[in-house]
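The values are calculated or read from the model by the stated rules, or taken from the named source; none is laboratory data. Bear in mind the structure is a predicted one, so any value in this text is a computation, not a measurement. FYI the Cβ positions are ideal-geometry reconstructions off the backbone, even for glycines, and counts take in every protein chain you see. These accessible areas exclude ligands, DNA and RNA; they are computed on the full protein's heavy atoms, side chains included. Shrake-Rupley method; radii C 1.70, N 1.55, O 1.52, S 1.80 Å.
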Amino acid sequence: MTLSFSPDDIRKQSVITESKPVVSEAEMQQAVRTLLLGMGEDPDREGLRDTPKRVVKALKFLTSGYHQSLDELLNGAVFHEDANEMVLVRDIDLFSSCEHHILPILGRAHVAYIPNGKVIGLSKIARICEMYARRLQVQERLTQQIADALQGLLKPQGVAVVVEATHMCMVMRGVQKPGSWTVTSSMQGVFADDARTRQEFMELIRHRPSFH
């Protein structure tokens, strides 16, 4: 099923993502201090004295996508254009955090769409990926959110998103399998309905370009 966002949907998302935190920074730092104590550490020793402050600052940066919205991010960079060929931005680096263990997800996204009277600034595609990545995530939802955002903003003929990532919760703990990669995809519109269009996209993201 293809989802789409109306301007009202985007405005509602702005309200959600810009909501103020329910706890103070001091309370967050105290929580980190409690965790250090639970690990058997001394949070007052020299090397850890400022760790709660640093951890809170890092977590706020890594989850800054909660405080961004699509309308602010785009800043008007949607243009009317008579184009109907595939637009692909590939190998977009992604850094996210697993919501189950708050450990890193490292990977890349490949994003394509076929315009239907509107195009978006290319850098905004990367910024949309970044906005959703900088939240606590599961890869399946991240992939779908990127696709749904483009579908809703542009109403294109179709959107395709593939995310390839490695999860530190599988590498550093649990099953401990370094080198494993997870691949997720979302195909909407003509990418879902037309096998040839879908195949073209898959071939383009598999081919490694060389520049001379």
Residue match in region 189-203 (condition: surrounded by fewer than 16 Cβ atoms within 10 Å (Cβ to Cβ) and not in a helix (DSSP H, G or I)): yes
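Of the residues in region 112-160, how many are under 30 Å from His101 (Cα atoms) and either in a loop (DSSP other than H, G, I, E, B) or of a type in the set (Gly, Ala, Ser) (or both)? Steps first, answer last, please.
Residues of region 112-160 under 30 Å from His101 (Cα atoms): 124-150, 160.
Still in the running and either in a loop (DSSP other than H, G, I, E, B) or of a type in the set (Gly, Ala, Ser) (or both): 126, 133-135, 138, 147, 149, 160.
Selection size over region 112-160: 8.
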Among the residues listed as Ala165, Ala126, Ala133, Ala149, the single one being among the small types (Gly, Ala, Ser) and without any contact (Cβ under 8 Å) to a residue 40 or more places away in the chain: Ala126
Matching residues in region 171-188 - criterion: being in a loop (DSSP other than H, G, I, E, B) and open to solvent by 80 Å² or more (accessible area, probe 1.4 Å): Met172, Arg173, Val175, Gln176, Lys177, Pro178, Trp181
Single unsatisfied condition, Ala149 versus (1) aliphatic (A, V, I, L, M); (2) within 23 Å of Glu85 (Cβ to Cβ); (3) open to solvent by 10 Å² or more (accessible area, probe 1.4 Å); (4) under 12 Å from the mean Cα position of the chain (by Cα): (3)
